[in-house]
1. With 213, 236 as the choices, which residue is touching a strand residue (DSSP E or B) at 6+ places or on another chain (Cβ under 7 Å) and modelled with pLDDT under 95?
2. Can you tell me which of (1) touching a helix residue (DSSP H, G or I) at 6+ places or on another chain (Cβ under 6 Å); (2) surrounded by fewer than 22 Cβ atoms within 10 Å (Cβ to Cβ); (3) in a loop (DSSP other than H, G, I, E, B); (4) in contact (Cβ under 8 Å) with a residue 40 or more places away in the chain is the one residue 50 doesn't meet?
3. Which numbered condition in (1) surrounded by fewer than 19 Cβ atoms within 10 Å (Cβ to Cβ); (2) within 29 Å of residue 31 (Cβ to Cβ); (3) at pLDDT 95 or above is the only one that residue 152 fails?
4. Within the stretch 159-184, restricting attention to residues that are free of Cβ contacts under 8 Å to residues at least 40 places away in the same chain and surrounded by 15 or more Cβ atoms within 10 Å (Cβ to Cβ), which residue is nearest to residue 5 (Cα to Cα)?
5. Would it be correct to say that residue 142 is over 21 Å from the mean Cα position of the chain (by Cα), free of Cβ contacts under 8 Å to residues at least 60 places away in the same chain, loosely packed, with under 14 Cβ neighbours inside 10 Å and more than 24 Å from residue 191 (Cβ to Cβ)?
6. Conditions first: (1) over 20 Å from the mean Cα position of the chain (by Cα); (2) buried (at least 19 other Cβ atoms within 10 Å of the Cβ). Residue 127 passes all but one, so which condition is the exception?
7. Exactly one condition in (1) closer than 16 Å to residue 207 by Cα; (2) surrounded by fewer than 24 Cβ atoms within 10 Å (Cβ to Cβ); (3) in contact with a strand residue (DSSP E or B) (Cβ under 6 Å, 6 or more places away or on another chain) is false for residue 81; which is it?
């Protein structure tokens, strides 16, 4: 039976600065690098033999994957990168300090933008210097594909077709796979895999640099799930526990 590991990137510089990051390409902090290396050590200790890895096109996820693979002595592993595994686009909130944004717009409104399932934040303007249309890695994508802002639901609508078309077929072959991505793109996949309700998924947190090991059945539905670093494990959705009874 195949195994799927979901790995959120290590702490980024904007995680540390408490800023909305989204599609802005920020690097890891020293703590983030250490988290990525520890993730690799934990995966090496698990004795998993991955067949390939998937990753977003954002540096913090890419470097997390590199550092983890190096710790596993698996630098040779085939890696596929795709923007559809990118973090949620925070629109006009991108780059703003979260505490200052709450003071300006009210904590209740910011909570809705951050945590509601289907309400996106204000759209980013096309002439904003941080707009991904100015980033070379997205040069081949038409504007109607590039998001101006995303809710978690919209992130799922972006990531899920890619997962179903590119990743599920590999799992169906019995391959063990590693995905290095982001808090919201991975939450979207968790919602799909474990059939988490809309009002429940908003409470799911994914710790940085802590591999979530998911064992899949013959139907590619999860039969168990656990974080490898139990000292930093977050509570998993109740649906996960019910499937494991």
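1. Details: 213 fails: modelled with pLDDT under 95.
Of 213, 236, the one residue that is touching a strand residue (DSSP E or B) at 6+ places or on another chain (Cβ under 7 Å) and modelled with pLDDT under 95 is 236.
2. For residue 50, the failing item is (1).
3. Unmet for residue 152, out of (1) surrounded by fewer than 19 Cβ atoms within 10 Å (Cβ to Cβ); (2) within 29 Å of residue 31 (Cβ to Cβ); (3) at pLDDT 95 or above: (1).
4. The residue in question is 163.
5. On the way: over 21 Å from the mean Cα position of the chain (by Cα): yes; free of Cβ contacts under 8 Å to residues at least 60 places away in the same chain: yes; loosely packed, with under 14 Cβ neighbours inside 10 Å: yes; more than 24 Å from residue 191 (Cβ to Cβ): yes.
So residue 142 fits the description; yes.
6. Residue 127 satisfies every listed condition except (2).
7. Result: residue 81 passes all but (1).
Quick grid of which residues meet (1) closer than 20 Å to residue 27 by Cα; (2) without any contact (Cβ under 8 Å) to a residue 12 or more places away in the chain; (3) assigned to a helix (DSSP H, G or I):
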site: 61; (1), (2), (3): yes, no, yes
site: 65; (1), (2), (3): yes, no, yes
site: 69; (1), (2), (3): yes, no, yes
site: 73; (1), (2), (3): no, no, no
site: 88; (1), (2), (3): yes, no, no
site: 100; (1), (2), (3): no, yes, yes
site: 119; (1), (2), (3): no, no, no
site: 126; (1), (2), (3): no, no, no
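The values are calculated or read from the model by the stated rules, or taken from the named source; none is laboratory data. Nothing here was measured: the structure is a model prediction, and the numbers come from that model. So basically every Cβ, Gly included, is an ideal-geometry build from the backbone, and we count neighbours across all protein chains shown.
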